[in-house]
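Participant: Got a structure here, written out as structure tokens. Questions coming.
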Amino acid sequence: MDRSKYKPEKEDLPHRLGNYLEVALLEKNYSKIPANVIIDKTLTGIGATYKELHENRPSIIIEPNVPVIKGKQEKYDDIDILGIYKGAVTTSQIDSFLKKKIKKKKILVTPESFWRIRSRAEKLNINIYKEYFCLFDECEKLTQESDFRKRIAQPVYDFFKFEKKAFVSATPLEMYHPELEKQKFQLLKVVPDYDYRVDIDVVVTNLFDREVTRRFNELLEAESRHICVFYNSTAGIANVIQKNREIIGDEYMVFASNDAEKQLHKLSITNVKTDFKQPLKKFNFFTSRFFSAFDIDIPHRKADILILTDLKTALHSIIDPRTEAVQIQGRFREPEPIKLGYWFNSLTHIHNYNEQLEVKSDKQLDTEITEYELTHQHLKERLAHATDLDSAKAIDKELKSVKFAYYLDETDEINYFVVDNAYNEERVKRYYKSKLGLFKEYDREDSFFKPRLIDRVDLYNLEVLTQSIAGLGVAKQIKMIVEWISQAEDVQKLKENLLPIFEHTHTVFTAYKKLGIEVIERYKYDLKTIEKKLADWVAEESRFSSEIQEEIYLEFPLEQQITKADFAKRLTKIYRKYGVGRAAQERAKNYFECKESNGSPATFTLLAKISDIEQVVDKNLMDLKRKWLK
């Protein structure tokens, strides 16, 4: 599959503080949003959809979600707007609106309902592609949500048929659709002439629930008026509310879809709305359908924003700093012209991470999708040459089930946005694979944010340790503990916390210190083998204790000849006295400089004590380790 990047010609739109997009366009001699452009607004709330809604031409504006359409209909009730989404209008209402003899007609529609406009226009012989300007708002959603909203890309074929159209977003993602190059789309990039970056606290933790409660308490102590929580997990929101009932009480509202509302009711979360309505409660929870495009008009600095990502509860709660985080903070507006400063009081992203998270590289995805495509093409060729109906049916069934079918749309053509989604998902997952991964992304040079890292990772917490090793076999538990030891700043504290929950704690810590991680890995974290090797090591060390050395030097006077057999017998007796389980053999050279005779019988003449016995000990232990690592 060809994913060669099309780099559209870029034109900067200088933007001064206090101005809307309209001014930036006018300075470049654009009286209206031009055709065949991708507008990168950089900033939320600078009036792109506002401009098109007030433009004196018929427009179709594709909005990502229903709340956006409802919000704009309420906000701009002086404009003739038709909102089209599931259950909103009848066929006759669409017909009547399309037939209106006015120029300033505005249709707001979800991607999934666009087909209704096309269908009715065809029936009425109205050429919408010529008569209407089409604006695709928050265009990054085409990529981000195409995995679970396959129909979100349905209007794309129609979009590219419009003579005049534009993509727009403050956070557009790169797109690979071939029509962009074919129709020579241009990129208009808004470039502010002031520092527009927003402060954000990035809190990394392995105790997610505790950290959320801590932040709630901090905000309440600071007398926060409205705490707004953005969390892409219905179960996660229910969990947060249930675990903080004493704090939250009944002073909350959840804004979610109809399906999510039903799920929340089953979890005893009853304060739920499917449409956004003000005033806000003390605690306000928003699912992903409320992350972008709609407006929360609120007095200056009266809201504190909390973004949550808990990989343990829901992997899909991951947030992209390049897009979703920008959009979330952009929901908060003041009913006044744009000015420097925030429309909210604070912005915090609390998240955990998972070093074991499986993430594919772009190269791996390239290979995977290419192989899927080759398999699909092979089956299509076989289908074309099938000689009987049964074979054709079997091959066609297989075609629909192969993995490449996931990347195709209803017309059996490549859905380029689903392909883009696969790469985008892996990109975002990478940020959550390491402790500092997300912070580094927030801190990149061209970031929208000025992040402050708050490290709340507690490797020694009893709750974390217990949860981490629960249910694992002993070998896997040892492996995990060895990894913790290698990373721990306070090994003693880690050991103390593990002692009550892991019966082999002392053995593992002693083995790590004495044998080293290489020996433990060599024997695959097997407890019995580790215990045996450790016993051998300790025995080798203990035969050089000061007590044993003192007794040896009393037992064997210098300048006397002694048979090797007699030496070994008497040394073994000393070893046994002190509980050293080692065979004495010919150990004289470990303690004495000696003259050796191999006659019959073989003898030693002990000349002097070894001057550096520590060196002997180290050599013997290293020889033992080398033997084990062979």
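Participant: Taking only region 587-619 into account, find how many residues are within 21 Å of LYS569 (Cα to Cα) and either in a helix (DSSP H, G or I) or open to solvent by 80 Å² or more (accessible area, probe 1.4 Å) (or both).
Facilitator: Total meeting the criteria: 10.
Participant: Taking region 438-456 as the region of interest, how many residues are part of a loop (DSSP other than H, G, I, E, B) and buried (at least 16 other Cβ atoms within 10 Å of the Cβ)? Lay out the reasoning, then the answer.
Facilitator: As a first pass, look at region 438-456 and keep what is part of a loop (DSSP other than H, G, I, E, B): 443-448.
After this cut, where a residue has to be buried (at least 16 other Cβ atoms within 10 Å of the Cβ) as well, the list is 443, 447-448.
So the answer is 3.
Participant: Identify all residues within region 477-516 that are modelled with pLDDT of 90 or more and aromatic (Phe, Trp, Tyr); write none if there are none.
Facilitator: PHE509, TYR512
Participant: Within region 290-312, restricting attention to residues that are buried (at least 21 other Cβ atoms within 10 Å of the Cβ) and out of contact with any strand residue (DSSP E or B) (no Cβ under 8 Å at 6 or more places or on another chain), which residue is modelled with the highest pLDDT?
Facilitator: Here the residue is SER292.
Participant: Sticking with this one: From the list ILE247, ILE227, which one is of a type in the set (A, V, I, L, M) and open to solvent by 10 Å² or more (accessible area, probe 1.4 Å)? Walk me through how you get there before you give the answer.
Facilitator: Details: ILE227 fails: open to solvent by 10 Å² or more (accessible area, probe 1.4 Å).
Testing whether each residue is of a type in the set (A, V, I, L, M) and open to solvent by 10 Å² or more (accessible area, probe 1.4 Å) leaves just ILE247.
Participant: Right, something else. Kindly state which strands (runs of 3 or more DSSP E) lie completely within region 141-219 and contain at least 1 residues that are touching a Cys at 6+ places or on another chain (Cβ under 9 Å) and crowded, with 17+ Cβ neighbours inside 10 Å.
Facilitator: On the way: elements: 164-169, 186-192, 198-205.
Because the criterion is at least 1 residues that are touching a Cys at 6+ places or on another chain (Cβ under 9 Å) and crowded, with 17+ Cβ neighbours inside 10 Å, the strands (runs of 3 or more DSSP E) in region 141-219 that meet it are 164-169.
Participant: Also, I was wondering about something else. Going by what's in this entry, would VAL419 be described as under 22 Å from the mean Cα position of the chain (by Cα) and open to solvent by less than 60 Å² (accessible area, probe 1.4 Å)? Lay out the reasoning, then the answer.
Facilitator: Numbers: under 22 Å from the mean Cα position of the chain (by Cα): yes; open to solvent by less than 60 Å² (accessible area, probe 1.4 Å): yes.
Spelling it out, VAL419 is indeed under 22 Å from the mean Cα position of the chain (by Cα) and open to solvent by less than 60 Å² (accessible area, probe 1.4 Å).
Participant: Say whether the condition of being under 27 Å from GLU181 (Cα atoms), open to solvent by less than 30 Å² (accessible area, probe 1.4 Å), out of contact with any Cys (no Cβ under 8 Å at 6 or more places or on another chain) and of a type outside the set (Phe, Trp, Tyr) is met by at least one residue in region 75-82. Outline the logic, then answer.
Facilitator: So the first thing to find is which residues in region 75-82 are under 27 Å from GLU181 (Cα atoms), and the list is none.
Taking every residue of region 75-82 in turn, none turns out to be under 27 Å from GLU181 (Cα atoms), open to solvent by less than 30 Å² (accessible area, probe 1.4 Å), out of contact with any Cys (no Cβ under 8 Å at 6 or more places or on another chain) and of a type outside the set (Phe, Trp, Tyr).
Participant: Given the structure, is ALA539 among the small types (Gly, Ala, Ser), modelled with pLDDT of 85 or more and not in a loop (DSSP other than H, G, I, E, B)? Spell out the reasoning first.
Facilitator: Values: among the small types (Gly, Ala, Ser): yes; modelled with pLDDT of 85 or more: no; not in a loop (DSSP other than H, G, I, E, B): yes.
So ALA539 fails the test.
Participant: Any idea which residue in region 109-138 is nearest to the chain's Cα centre (by Cα), counting only those that are under 18 Å from TYR85 (Cα atoms) and outside any helix (DSSP H, G or I)?
Facilitator: The extreme case among them is GLU138.
Participant: Shifting gears a bit: Restricting the search to region 352-365, which residues are open to solvent by less than 90 Å² (accessible area, probe 1.4 Å), part of a helix (DSSP H, G or I) and either farther than 13 Å from TYR407 by Cβ or at pLDDT 95 or above (or both)?
Facilitator: Passing the criteria: only ASP362.
Participant: So, one more: Going through region 276-289 one residue at a time, which ones are open to solvent by 10 Å² or more (accessible area, probe 1.4 Å) and out of contact with any His (no Cβ under 6 Å at 6 or more places or on another chain)?
Facilitator: The first filter runs over region 276-289 and keeps only residues open to solvent by 10 Å² or more (accessible area, probe 1.4 Å), leaving 276-282, 287-289.
Residues satisfying the conditions are PHE276, LYS277, GLN278, PRO279, LYS281, LYS282, THR287, SER288, ARG289.
Participant: Also, quick follow-up: Pull up region 523-537, narrow it to residues that are without any contact (Cβ under 8 Å) to a residue 12 or more places away in the chain and of a type in the set (Lys, Arg), then point me to the one that is nearest to LEU624 (Cα to Cα).
Facilitator: Of everything passing the filter in region 523-537, LYS532 is nearest to LEU624 (Cα to Cα).
Participant: Condition (residue is closer than 22 Å to ASP195 by Cα, in contact with a Ser or Thr (Cβ under 8 Å, 6 or more places away or on another chain) and touching a residue at least 24 places away in the same chain (Cβ under 8 Å)) applied to region 46-56: is it met by at least one residue?
Facilitator: Taking region 46-56 first, the residues closer than 22 Å to ASP195 by Cα are 46-48.
After this cut, where a residue has to be in contact with a Ser or Thr (Cβ under 8 Å, 6 or more places away or on another chain) as well, the list is none.
No, there is no match, as no residue in region 46-56 is closer than 22 Å to ASP195 by Cα, in contact with a Ser or Thr (Cβ under 8 Å, 6 or more places away or on another chain) and touching a residue at least 24 places away in the same chain (Cβ under 8 Å).
Participant: Something else now. Pick from region 14-45 the residues that are assigned to a helix (DSSP H, G or I) and touching a helix residue (DSSP H, G or I) at 6+ places or on another chain (Cβ under 9 Å): which of them is surrounded by the most Cβ atoms within 10 Å (Cβ to Cβ)? Even if it seems obvious, please write down each step before you answer.
Facilitator: Step one: list which residues in region 14-45 are assigned to a helix (DSSP H, G or I), which gives 21-27.
Then drop every residue that is not touching a helix residue (DSSP H, G or I) at 6+ places or on another chain (Cβ under 9 Å), which leaves 21-22, 25.
Details: LEU21: 25, GLU22: 19, LEU25: 20.
Step by step, filter region 14-45, then rank; the result is LEU21.
The values are calculated or read from the model by the stated rules, or taken from the named source; none is laboratory data. On a predicted model such as this, the values are computed, not experimentally measured, just so you know. No Cβ is skipped: glycine too gets one built from the backbone with ideal geometry, and neighbour counts run over all protein chains shown. Areas reflect the complete protein model, heavy atoms only, side chains present, ligands, DNA and RNA absent. Shrake-Rupley method; radii C 1.70, N 1.55, O 1.52, S 1.80 Å.
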